[in-house]
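Comments concern the structure below.
Where a number appears in this text, it was derived from the coordinates with a stated rule and is not lab data. Bear in mind the structure is a predicted one, so any value in this text is a computation, not a measurement. When we count neighbours, we look across all protein chains shown, and the Cβ atoms used for this are built from the backbone with ideal geometry, even at glycine.
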Amino acid sequence: MNNPILPTIAGFDGADAPLGDCVLSSRVRLARNLVGFNFVSRASPEQLADVVHRVQSARLGGPFESAVRWVNVQSTTSLDRLLLFERNLISRPFVESTHPRCVAISADESTSVMVNEEDHLRLQMLAPGMQLRQLSERMFVFDGAIERSLEYAFHPRFGYLTACTTNVGTGIRVSAMLHLPGLALVQELEKVQRSARELHLAIRGFHGEGTDALGDFYQVSNQTTLGRSEQAIVEQFAGEIVPQFVAYELAARRTLLERDPAALDDRVQRALGILRSCRLLSFEESIKFLARVRLGVSLGRISGVPRHLIDQLLLAVQPAHLSRATGCALGNGRDDRGPRADFIRSSLR
Amino acid sequence: MQPTCDCCSNLAVVHETIVVEGRRSEVHLCAEHAAERGYLLQGDGDSLLPAGLPLSKLLKKSAADPAAPAVSSTSARTPKACSSCGMTMASLRETQLVGCAECYRALEEELAILIGRTQEGATTHAGRHPMHAAKLIDRAAVRNRLTRDLREAVSREEFERAARIRDEMLALSDPSEAQ
């Protein structure tokens, strides 16, 4: 294998992740554009190549001070592009577009900078569990360090200028990947989703925009980026919104335990049994059963399986990760169910 | 039913139909948001200006300053385009993407309405800013104050004062400041 990227799942252990039972991961993202270039959708390939060159020549600092890995997304293999996507280091449109673009990744994989996504720069920091406050503080320091080398497009009235008006102002998007199986089982999820929309939050599925909520994983993020400071946006999210989701979920889990513990045990143990013994497993099935086992582990109904192992498997069973780990073929119509079942069985032995 | 304001839940008193390249779009604003965007309300009651005042000319002139109120009318019009990348509001509606930083200056008022719709009514940044923009922030604060003063002078029919404020606003505008 030439120049394999991301052979391990670094920076995503998550054994001690805050609120890890209900919050799989936290993410903070900033959208920025450079002065002197059209935005990506109106820039020529030459201009976009120039943006890449400009950013690569700049001193990015922060998490990139000691080591940074640049991946030329235009020229790398489709397997590598998918690996980066599955690991949430790049977006789906970034995988699929064809123009000059690249991504910088920090050594611990917690930080990435997409160059020429919808905006010239998309700075992103990821962490397991609920760590939005810590991430945002680090992000503002990082953003300040970049700004010393690159001049951002800014307007005194509208703030940081972005290609889409839904990001203008602070350019900040804070999100948490929540695991809400309790709310789904007590059929309260729809009510919670409705309340979230009233609070102008976006709720998306496993892989963000336009994807299904596989395994009852939901990505919740702010939609309003203008009119309030970054700190106010982060504080509302970290101090009110996510704790409220977690409180509802924990209450639902308590209800399940009180109402019918045998049914709950059967559900989570049956899922573990399938994962430990089946021979063919699709991606969707694997997420569904892993999510059930995760609930059982969080509630102490399953022992001997650490939660962070389940969290790592949630990443590892995705098509590109599985292909890299097992050598199985990747692509439309390829049947990877056998290798996936083998991989999970051996991991949960 | 009378439509509500695009920016808040109040009843709209300004209704504008814009036809660009055969595409129709509508703007509905309450008195407050209409005044904010520089629409001149005529007539009685809610009037910001009595009819027939020569001040529309004055405000048209100050509209050359992008932060100053613009004067609009109900009519079909030539599409306004960004001089840097050529984006128009019609092309923005198609792609959902702004073309360049200059668009935000060239189509400031049009974008402000769109932004207000997608940002819970907010049209003004309240967060961090790059070091290089510190001067712009101060300038914007002065411009906001002058805009308020101008509106007040107009409402009191203090035309000489209004003209002085207008000159101040023109002197304040600096084409190199927008990025």
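The HN-Hα couplings worked out from phi for the stretch A:227-241 by the Karplus form 6.51 cos²θ - 1.76 cosθ + 1.60 (θ = phi - 60°) are x, 9, 6, 4, 4, 5, 5, 5, 5, 4, 5, 6, x, 10, 5 Hz, whole numbers, x standing for Gly and Pro. Computed from the Cβ-Cβ distance with R0 of 35 Å, the FRET efficiency linking A:ARG334 to A:ARG197 stands at 0.40.
Backbone phi angles across the stretch B:145-158, fed through the Karplus curve with coefficients 6.51, -1.76 and 1.60 (θ = phi - 60°), yield HN-Hα couplings of 5, 5, 4, 4, 4, 4, 4, 5, 4, 5, 5, 8, 6, 8 Hz in residue order; Gly and Pro are listed as x. Among A:ARG59, A:ARG270, B:ARG151, the ranking by other beta carbons within 10 Å of each residue's beta carbon, starting with the fewest, stands as A:ARG59, A:ARG270, B:ARG151. Relative to the dominant Cα principal axis of chain A, helix A:261-277 is inclined by about 70°.
From the square roots a ≥ b ≥ c of the eigenvalues of the alpha-carbon gyration tensor of chain A, which class results: rounded (a/c under 1.5), prolate (a/b over b/c), or oblate? Here chain A falls in the oblate category. Among A:LEU199, A:LEU309, A:LEU295, a tally of other beta-carbon atoms within 10 Å of each Cβ gives an order, fewest to most, of A:LEU199, A:LEU309, A:LEU295.
Taking the helices alone, chain A has a mean residue ellipticity at 222 nm of -12500 deg cm²/dmol, built from -39,500 (n - 2.57) per DSSP H run of at least 4 residues and averaged over all its residues. 3J(HN,Hα) along the stretch A:25-33: 7, 10, 8, 10, 10, 10, 9, 9, 10 Hz, from the Karplus curve 6.51 cos²θ - 1.76 cosθ + 1.60 with θ = phi - 60°, whole Hz, x for Gly and Pro. When only DSSP loop residues count, what GluC sites (Glu not before Pro) in the stretch B:128-171 have their Cβ near at most 15 other Cβ atoms within 10 Å? Sparse-neighbourhood loop GluC sites (Glu not before Pro): B:GLU157, B:GLU158. A straight chain from A:ALA232 to A:ALA67 at 0.36 nm per residue would run longer than the Cα-Cα distance by 56.2 nm. Taking other C-beta atoms within 10 Å as the exposure proxy, A:ILE274, B:ILE137, B:ILE115 rank B:ILE137, A:ILE274, B:ILE115 from fewest upward. Taking amide H as placed 1.01 Å from N in the peptide plane, the amide H of A:PHE154 sits under 5 Å from that of A:LEU161, B:GLN179, each at least 5 places away or on another chain. In straight-distance terms, cross-link reach from B:LYS80 covers every one of the aspartates and glutamates whose alpha-carbon lies under 17 Å from its own, apart from those fewer than eight places away in the same chain; here that gives B:GLU16, B:GLU21, B:GLU26, B:ASP65, B:GLU94, B:GLU102, B:GLU108, B:GLU109, B:GLU110. Could you work out how far the C-alpha centroid of the stretch A:285-349 sits from that of the stretch A:152-218, in angstrom? Between the Cα centres of the stretch A:285-349 and the stretch A:152-218 lies a distance of 26 Å.
Take the Kirkwood radius over Cα pairs of the stretch A:261-348, plug it into Stokes-Einstein at 37 °C and 0.692 mPa s, and you get 251 µm²/s for translational diffusion. Peptide A:248-259 has a mean shielding of 0, counted as Cβ atoms of other protein chains within 10 Å of each residue's Cβ.
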